[in-house]
Each structure stands twice: as C-alpha cells, then as structure tokens.
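As structure tokens, the structure follows; a few thoughts come after it.
The values are calculated or read from the model by the stated rules, or taken from the named source; none is laboratory data. Quick caveat: nothing in here was measured; it's all calculated off a predicted structure. Neighbour counts are summed over all protein chains in view; Cβ atoms, including those assigned to glycine, are modelled from backbone coordinates with ideal geometry. Areas reflect the complete protein model, heavy atoms only, side chains present, ligands, DNA and RNA absent. Shrake-Rupley method; radii C 1.70, N 1.55, O 1.52, S 1.80 Å.
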Number of protein chains: 2
Amino acid sequence: MGTGLDLRRNQLFQGLNGCDLADLLSRARQKSIAKGSAFFHEQEQAAHCHLLTGGQIKLTQNSVEGGQLVVRFLGAGEVFGWAMVLGTTHYPGTAEAVTDSVALVWEAETMREAMLAHPTLALNALELVGGRLHEAQERLLELATERVERRIARAVLRLMAQAGRPAAKGVEVAFPLSRQDLADAVGATLHTVSRILASWEQRGVLGGGRQRLVVLLPDWLEALVDDRAIGQL
Amino acid sequence: MGTGLDLRRNQLFQGLNGCDLADLLSRARQKSIAKGSAFFHEQEQAAHCHLLTGGQIKLTQNSVEGGQLVVRFLGAGEVFGWAMVLGTTHYPGTAEAVTDSVALVWEAETMREAMLAHPTLALNALELVGGRLHEAQERLLELATERVERRIARAVLRLMAQAGRPAAKGVEVAFPLSRQDLADAVGATLHTVSRILASWEQRGVLGGGRQRLVVLLPDWLEALVDDRAIGQL
DNA sequence: CGCCGCATTGACGATAATCAAACGACGTGG
DNA sequence: CCACGTCGTTTGATTATCGTCAATGCGGCG
C-alpha cells in the first residue's frame, strides 16, 4: 500500500500463503488517527484487532487514583488492541497516537475465524503474545527489585533500540516523549526522572530537551544496567 | 487417572473431541516432583510443556543480585513451563514444588503439532496466554502505582480466591507460604511484610503462623484495596 | 504578545529498605 | 525424651530513596 511496510514479512503472517494473506487483508479496514487522539480507550468494548502500519502509539493503563502506566510504546508493524482475540471483552488500556497514525483494523471475529482456518496464524499469534508475556514478566522483576535510576536506564536503552535514529551526535529516540511518559513507563514520578536525566546530561551521557532524547554514551548506560558501580568522578 | 481432575474440562482442551484428547494424552509422560524440588530451573533449555495434575508449585524468577520475584503460584489443572511453545528457547523462571506434585509433560514439538492439527487447541492456548498477559499487566500497574500494604492485601485476596479452604474460623490459604514468598510476590522485603501482617493480626483481620495464613475479615482487606481509608481505631 | 504545557530545581518528609538481634517452632539425632 | 540446630518469624533502630509540595523557568503555539 505504498507505506513501505511489507506485511508478508510481518511476524504475524509468517508461513501464510499469498492468497490467504491477500484475502485476510481485503477484510481489513483502514483507520487513521491524528496525533493526540486514541484508537480506543481503556474499558471500551473490544471488538477489533489492530495492526499499526504507520505512525507511533503509546499504550497506557490508568489506576483508580490518577496513577498512569505506559504499558508500551509501539511503532509500525506491531499488533495491538486485540483483547477480544485474547479472550478479554474490554480493552485493558488506551492506545494513544503520539504521531499521526494509521492502522489496519479487523473484526476480532474475522481474525479468530482466520486463525481457525490457518493454524499457522494462531501459532504466530501465540508466539507474539508469548513474547509480550515474557517482556511483561521481565519488567515485573525489574520493577520489583531494581531502583529507579537503573530502570530509567533500561527504558532509555529500549527506546533507543526500538526507535533509535542516528543523529548529529549520538542516537536520537525518534519518538516524542515527555519526562512524564518516561516516568509512567518505569513507575516513577516526573520529578525523579527529570533529576536523573539532568544528572546524566551533566555527565554528557545524554542530550535532548523538550520531548526529545538523544543518547550520547549508550555504553555508559549499559554499564549502569549491567550493575558494576561505574568509575565516578 | 483417578486424580479427580477432569481434563476434558480443562480450559486448554475445550472443544477438542474425545479421541483427539485421548490421543494427545497418550503422548504425555508423567513426572512427579517432591516438595522442595523443581520441575525445571530458570535458564534451562526448554523443550517441554507441562500441565499440573496434582500438588502446588511456585514460579519464580531471580534477578542478578539476589532479588527474587514470585511470578505466580499455581495449582492442579494449570499449564506451565511451555516457554518453547510460546517461542522462547529457555525457561524464564523456575518451577518449584511447594507440595509433592505431579504433572503431565509433553515434548513442546508434540504440542505444537497438535495445535497445527487442531486450531481450537491453539486458540485456547492463545486465550490462556492472553489471560496471563492481562494479569501481568495488572500487576505491573499495581507495582508501579500502589503502596506495599495494598499490594499485600491484593496478594492475600488472590491467594484466598485461588487456594482458599474454609477453616474453623475464616478461610485458610491451603498453600504453604512463607513471609518471604509473599514478599517476593509483591516486591517488598520480608521485614515489611512481617510488620504489616502483624498489624493485621492485632486487628483480627488475619490469623495463621509459620507458613500458614488464615483470613478472618476478607471484607476488611477488600475495603483496603478499594481505596477508602477505613474507619481506624 | 501572552498563555499553556513541559521541564527544572529546591526543601521537606515518609515509606519502606537496611542493619541488627533475638525468639519460637519444628525436626533430628543423641 | 530432651537437647540442639535450623529455619522462619518478629521486632527495634537507623537510613536512604524517592515521593510530595512548592515555585520558577522556558519554549512553542495561538
């Protein structure tokens, strides 16, 4: 569709033959969402299944008294909002576009039928969810056992790996994210994050500014994550 | 097999016809593990898929520097240790028996073939993992936004729902668990958990002792979880 | 030009970790 | 059967990490 995204290479569609894929695609609808709006909101009835073909989104969950958690950031090619396919009737989170975004949308029922007809598709989905579960448990371990600074370092490295783009000096995270977002991703407050990032900036580990993040010394962050106390100054 | 566990009712096997189920079962091996030992350890090569038919186990993950997280407690009828089916080559955690336990064990490959042959099975698995993912994300939100006391309350209520057994007075958690286990389940230290449980005991919310837990006032815990500050004394 | 949302910074306080010690129950072996 | 040792638990004192409260600065957008 001219977006440069080859769906045959998508993890979800591996092993599916061309005709079947085309058939499945013909059953999808396209949905465009402007930056700042959402594909769906937490607690809404979940009847669809989404595949992001362009743009970037942020999956969030809200606790009763104001707390927010960024479940994950995602970019083109990733599946999301498929609660119904996974056996949940309501969306567990909100999918907000942080960039103008486009997604393919199927009726959950259509996707389930396709999986029954093409077990490969179901197995691919199983691996996909398996991967997400694995990640979630890794994060749980980190959140339960590590302190804030290291968790932030991990988050930054992940963002770099996922949305990194070489910049004038260092690697820029091509993803508009506020300190608040980062805080919500690691389970900390805006303030703590700001302080820590500021200290990293002083040491020349990081650059950036308003909604931007540029990693200058990834190795330094890796060292911080891989424990050892780092040669301080 | 005389364990009183009806596998036809198992979530994983729903919608599978009797013959196919019998066939699949005939391909399983049985494995017994004594209390204190493990079905498998974190980081081991994962070539199998397990279904607990008797006993109780504890799934744990260890962080580099000593921290431990209890991923989940589970009882008869639950699937576990199927990393390979979910696309991971090594077990992400350890499955330790807290009671003498028995499990059916398949080669991961066998299970994958069965899923290809019976898409229903794959869809059931997908829902199962979907549920686990959902739980994991809920825990992430809690861990990131709530205080220790409330997290403990939640954990206790969950344990009660999962392994509760009416006792002389109140409901006993039929699961041998130490304060340390509970601490590792909520991301706190043994000491903090001990203190909080002690305070609950004083108020008559809880009873129990060494490795035992008896909930006397579940409503009180629910109130604690559902926020509002509770009428103190 | 002025407002609004994002970010920075400081002071303070509290939650929960860490350090430290002792107790009680249970199981084991003498 | 009792003594002993181990493991789980309790409790106290102290500290530190991080959240809360508060105020100000900055940059973009209307």
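Annotations for the structure displayed:
- Residue check for B:G67: under 21 Å from B:A136 (Cα atoms) and within 14 Å of chain A (Cβ to nearest Cβ): yes
- Those residues of the range B:23-51 which are of a type in the set (A, V, I, L, M, F, W, C) and under 13 Å from B:G81 (Cα atoms), in sequence order: B:A38, B:F39, B:F40, B:A46, B:A47, B:C49, B:L51
- Residue check for B:Q43: over 30 Å from A:D227 (Cβ atoms) and of a type in the set (S, T, N, Q): no
- Test: residue in the range B:160-174 that is free of Cβ contacts under 8 Å to residues at least 60 places away in the same chain and within 11 Å of DNA strand D (Cβ to nearest atom): no
- Of all residues making up the range A:175-207, the number that are away from DNA strand D (no atom under 12 Å from the Cβ) and away from chain B (no Cβ under 14 Å): 12
- Residues satisfying the stated conditions in the range A:78-96, i.e. farther than 18 Å from A:Q56 by Cβ, buried (at least 21 other Cβ atoms within 10 Å of the Cβ) and of a type in the set (G, A, S): A:A83
- Test for A:E149: is it away from chain B (no Cβ under 12 Å), among the acidic types (D, E), more than 13 Å from the chain's Cα centre (by Cα) and open to solvent by 40 Å² or more (accessible area, probe 1.4 Å): yes
- Some residue of the range B:213-223 being hydrophobic (A, V, I, L, M, F, W, C), away from DNA strand D (no atom under 15 Å from the Cβ) and within 14 Å of chain A (Cβ to nearest Cβ): yes
- The residue list A:E65, A:E42 contains one member that is part of a loop (DSSP other than H, G, I, E, B), in contact with a helix residue (DSSP H, G or I) (Cβ under 9 Å, 6 or more places away or on another chain) and among the charged types (D, E, K, R), which is A:E65.
- Checked against the criteria, A:A125 counts as away from DNA strand C (no atom under 12 Å from the Cβ), among the small types (G, A, S) and outside any loop (DSSP other than H, G, I, E, B).
- Against the conditions (1) at the interface with another protein chain (Cβ under 10 Å from one of its Cβ atoms); (2) on the phi > 0 side of the Ramachandran plot, A:P92 satisfies every one except (2).
- Among residues that are more than 13 Å from the chain's Cα centre (by Cα) and in contact (Cβ under 8 Å) with a residue 12 or more places away in the chain, B:V129 is included.
- For the range B:39-63, the candidate set comprises residues that are in contact (Cβ under 8 Å) with a residue 40 or more places away in the chain and either aliphatic (A, V, I, L, M) or on the phi > 0 side of the Ramachandran plot (or both); within that set, the residue that is farthest from the other protein chains (Cβ to nearest Cβ) is B:G55.
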